[in-house]
Amino acid sequence: MAHTLSELTASASRLALVGLAKNTGKTVALAALLRELHEAGRTVGVTSVGRDGEEHDVIDFRIEKPAVELVANDIVATADGLLRASGIPHETIERTGIRTPLGEVLVARLRGAGSIEVAGPSAAADAREVADAMLAAGAEQALIDGAIDRRAASSPSISDGLVMSTGAILGEDIEEVVTRTADAVALVRVPALEDSRVRELAAALEPGSGLVLDEQLNTRALPASRFVLTAEPPAVQELLGEGVPPRWLLVSGALPESFLRSVLAWARRARRQLTVVVADPTHVFLAERGLDFYASGGVELRALRAIDLRALTVNPVAPASHSFDSSQLRTLLAERIEDVPIFDVLHPAYPGARAPSQRAARRPAAPIVTNRDAQ
Amino acid sequence: MSRELDLQHVRPYADHLGDGLVQMSFTLPVPYSLAARKAALELAAKMGFEEPEVVHYEQLTEGYTYFVMYGRCVQSVDFASLQGEGFDIEYMSEEEIERFAERQLGRRIVVVGASTGSDTHSVGIDAMLNLKGYHGHHGLEGYRAFETHNLGSQVPNSVLLSKAIELSADAILVSQTVTQQNLHVHNLTELVEMVEAEGRRSQLILACGGPRVSNELAKELGYDAGFSKGTYPHHLATFIVRELAARSPQPAPYGSAGDVAAGDDGAGADAAAVTG
């Protein structure tokens, strides 16, 4: 039987919502979740690492954004000025002292219903703190909405589950959207590292450091601090090419694409397998190639902590540009992505609650372009 | 026409309150001619201006005509509903910033700046950081309180972040021309995400600047502040010193040594001594 977003995510006390780009329908997914949770009588806590519920897009003023509708007893973490501007009666639970460009973040319990702009803490660790504060104050679930393409809040050190949003905005060609989405999903689902001895070594790493291990787990330190951020290909070649061939490379901080490219170049030349271990998938920065590309050259990725991806939502419309047929997009995505429910929450086939006819439900008209490749 | 300021219906002002008069200039890629003048009038009318008027037009170069126009704007904005959103920061002068930094922080503030990714525009960063500054306001390099490192343009995020960590920077300033293309936005968010991945977010002030960067956009991008056109170096400097003071776990005391709060550490006492 068909499950709804709220059913699939119910067991994640702190749920992150992350988009692959602007206008992928993240806030629409949030609005759908909120409707379902409200219908089930659940008390919700909401915050955003960006800003949600604003009327117009911050970059393209022509784009109308969905509202964030909350009800009495819901808890919200947002900037003080936005809380006041909402006009919703509320009781302040905590002044967090967290400053944002839009003001200090307050945690408050609403005493009435209404729409509100939500702009909570920008830093992931602060988002975790207010999520915990909202849960402690009686929220049954804390929703942490992302912004643009920021992923940090989906780190397992911040949230317990993830809903990802993708959409037509990723490309004018439907195949491009499907490929980029499949790559992003694969990255989010980097499997957890199983070898307990390697796990132990990875967990003990200082922030921003790294370690090379051979098959026997003999360790070799990286030649310089911040090596992973800045090393040129010859330096990586030298590190991996010397002595006993490495089997594992542990990285505690950020793993940029340029570094992974250099590792791949070594693995191809040396015809060896190497597993790169990161703290979690939010530490990996890939823009050009997906994990398949690296795996085919012998470089695999593992994470100390995996992300629990609960669902993928789809916006078939790229505002002021083009759109795809919703069913076709979801079908093509499902062919490439296994074991993740894929929804368009505004499509009649979606099993969740219907949107009231408000801003939240309006989808701008854009010409439907047919799929060029798949025909 | 109303002569009393109505904050719920604010219009441009020229001769008297509420007249809505707007002066604008633009160039059309058409030859300098009466037809060009007509085209400009029609375009202004389509923009929604009433009584559009061409007050000046000239040939810019062959095939291009430059216009200065007046028009009456009939729209208004509800300013009353916008007040109280965010915070209006009071900017300090250069001397005030130096004194504040000396008292509250007692050390030099390290700022690393760059135009990131594929952006080749370094004008904004140069104006903020370099001694030369602009419009007679010199950049942070000229302040005693700041140590600046301008890495230039087209700097990868990983390199910028590495430099900031190496220098134990207090703040990173990036400039990026934000367009509706996701690429530019992605460059800005990627830096924030890398700072998070390196576990440095709470130790670094992140500020971004560019022609279209507002505080609202900065918030979405994950930055602590956004600066756009009209920003001078002392605006940025005010923000950085205030933010650092607010973040320091044991803020140094304000004013004279007599004001030293109980439990202040040695650093606080030192800072007070400097001002005393």
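The values are calculated or read from the model by the stated rules, or taken from the named source; none is laboratory data. It should be emphasised that the depicted structure is a prediction, and the values quoted were computed from it without experimental measurement. In this analysis, Cβ positions are derived from the backbone assuming ideal geometry, glycine residues included, and neighbour counts consider all displayed protein chains.
Here are some conditions: (1) in contact with a Lys or Arg (Cβ under 6 Å, 6 or more places away or on another chain); (2) within 21 Å of A:ASP160 (Cβ to Cβ); (3) among the basic types (Lys, Arg). A:ARG51 meets all but one. Which one does it not meet?
So the condition that A:ARG51 fails would be (2).
Based on this model, can you work out whether B:SER168 counts as more than 7 Å from every other protein chain (Cβ to nearest Cβ), small (Gly, Ala, Ser), surrounded by fewer than 24 Cβ atoms within 10 Å (Cβ to Cβ) and under 21 Å from A:ALA119 (Cα atoms)? Explain how you work it out, then say what you get.
Values: more than 7 Å from every other protein chain (Cβ to nearest Cβ): yes; small (Gly, Ala, Ser): yes; surrounded by fewer than 24 Cβ atoms within 10 Å (Cβ to Cβ): yes; under 21 Å from A:ALA119 (Cα atoms): no.
Criteria not met by B:SER168.
Yes or no: A:LEU33 surrounded by 20 or more Cβ atoms within 10 Å (Cβ to Cβ), facing chain B (nearest Cβ under 10 Å) and touching a helix residue (DSSP H, G or I) at 6+ places or on another chain (Cβ under 8 Å)?
Working: surrounded by 20 or more Cβ atoms within 10 Å (Cβ to Cβ): yes; facing chain B (nearest Cβ under 10 Å): no; touching a helix residue (DSSP H, G or I) at 6+ places or on another chain (Cβ under 8 Å): yes.
No, not satisfied.
Output the residue which, of all residues in segment A:77-122 that are among the basic types (Lys, Arg) and closer than 18 Å to B:ALA246 by Cα, is farthest from the other protein chains (Cβ to nearest Cβ).
A:ARG95
Take the residues in segment A:214-260 that are within 10 Å of chain B (Cβ to nearest Cβ) and assigned to a helix (DSSP H, G or I); name whichever of them is farthest from B:THR189 (Cα to Cα).
Among those residues, the one meeting the criterion is A:PHE227.
Looking at segment B:141-165, which of its residues are among the aliphatic types (A, V, I, L, M) and away from chain A (no Cβ under 14 Å)?
Looking only at segment B:141-165, we keep the residues that are among the aliphatic types (A, V, I, L, M), and these are B:145, B:151, B:155, B:159-161, B:164-165.
Correct list: B:ALA145 only.
Given the conditions (1) at pLDDT 95 or above; (2) assigned to a helix (DSSP H, G or I), report the number of the one that A:ALA142 does not fulfil.
Condition (2) is where A:ALA142 drops out.
Name the residues in segment A:282-303 that are within 13 Å of another protein chain (Cβ to nearest Cβ) and either of a type in the set (Ser, Thr, Tyr) or surrounded by fewer than 19 Cβ atoms within 10 Å (Cβ to Cβ) (or both), would you? Don't jump to the end; show me each part of the working.
First, the residues of segment A:282-303 that are within 13 Å of another protein chain (Cβ to nearest Cβ): A:282-288, A:303.
Passing the criteria: A:THR282, A:ALA287, A:GLU288.
Mind checking which residues of segment A:157-170 are of a type outside the set (D, E, K, R) and surrounded by 18 or more Cβ atoms within 10 Å (Cβ to Cβ)? Even if it seems obvious, please write down each step before you answer.
Just the residues of segment A:157-170 that are of a type outside the set (D, E, K, R), to begin with: A:157-159, A:161-170.
Matches in segment A:157-170: A:ILE158, A:SER159, A:GLY161, A:LEU162, A:VAL163, A:MET164, A:SER165, A:THR166, A:GLY167, A:ALA168, A:ILE169, A:LEU170.
Need the failing condition index for B:ALA40 against (1) in contact with a Phe, Trp or Tyr (Cβ under 7 Å, 6 or more places away or on another chain); (2) at positive phi, just the number.
So the condition that B:ALA40 fails would be (2).
Among A:ALA306, A:ALA279, which is buried (at least 24 other Cβ atoms within 10 Å of the Cβ), farther than 14 Å from A:MET164 by Cα and of a type in the set (A, V, I, L, M, F, W, C)?
Values: A:ALA306 fails: buried (at least 24 other Cβ atoms within 10 Å of the Cβ).
Only one candidate qualifies: A:ALA279.
Restricting the search to segment A:180-210, which residues are buried (at least 16 other Cβ atoms within 10 Å of the Cβ), more than 17 Å from the chain's Cα centre (by Cα) and outside any loop (DSSP other than H, G, I, E, B)?
The answer is A:VAL198, A:ARG199, A:LEU201, A:ALA202, A:GLY210.
Restricting to segment A:129-156, give me the number of residues that are touching a Lys or Arg at 6+ places or on another chain (Cβ under 7 Å), within 14 Å of another protein chain (Cβ to nearest Cβ) and surrounded by fewer than 24 Cβ atoms within 10 Å (Cβ to Cβ).
The number of residues fulfilling the criteria is 1.
Looking only at segment B:6-31, count every residue that is over 25 Å from the mean Cα position of the chain (by Cα) and either surrounded by 12 or more Cβ atoms within 10 Å (Cβ to Cβ) or touching a residue at least 60 places away in the same chain (Cβ under 8 Å) (or both) and tell me the total.
Step one: list which residues in segment B:6-31 are over 25 Å from the mean Cα position of the chain (by Cα), which gives B:6-9, B:14-21, B:27-31.
From the residues that got through so far, the ones that are either surrounded by 12 or more Cβ atoms within 10 Å (Cβ to Cβ) or touching a residue at least 60 places away in the same chain (Cβ under 8 Å) (or both) too are B:6-9, B:14, B:17-21, B:27-28, B:30-31.
Residues meeting the conditions: 14.
Just one of the numbered conditions (1) within 14 Å of another protein chain (Cβ to nearest Cβ); (2) modelled with pLDDT under 95 is not true of A:SER48; which one?
Result: A:SER48 fails condition (2) only.
Sort out which residues of segment A:331-343 are on the phi < 0 side of the Ramachandran plot, without any contact (Cβ under 8 Å) to a residue 40 or more places away in the chain and either surrounded by 22 or more Cβ atoms within 10 Å (Cβ to Cβ) or part of a loop (DSSP other than H, G, I, E, B) (or both), and write them in order of number.
A:GLU338
Somewhere in segment A:59-75, is a residue assigned to a loop (DSSP other than H, G, I, E, B), in contact with a helix residue (DSSP H, G or I) (Cβ under 9 Å, 6 or more places away or on another chain) and within 14 Å of chain B (Cβ to nearest Cβ)?
Here is the first cut: in segment A:59-75, the ones assigned to a loop (DSSP other than H, G, I, E, B) are A:59-63, A:65-68, A:71-74.
Subset that is in contact with a helix residue (DSSP H, G or I) (Cβ under 9 Å, 6 or more places away or on another chain): A:59, A:65-68, A:71, A:74.
Filter once more, so that each one left must be within 14 Å of chain B (Cβ to nearest Cβ): A:59, A:65.
Within segment A:59-75 (the criterion being assigned to a loop (DSSP other than H, G, I, E, B), in contact with a helix residue (DSSP H, G or I) (Cβ under 9 Å, 6 or more places away or on another chain) and within 14 Å of chain B (Cβ to nearest Cβ)), the answer is yes, since at least one residue qualifies.
When you check A:SER262 against the structure, is it farther than 30 Å from A:VAL28 by Cβ, among the polar types (S, T, N, Q) and in contact (Cβ under 8 Å) with a residue 12 or more places away in the chain, yes or no?
On the way: farther than 30 Å from A:VAL28 by Cβ: yes; among the polar types (S, T, N, Q): yes; in contact (Cβ under 8 Å) with a residue 12 or more places away in the chain: yes.
Yes, satisfied.
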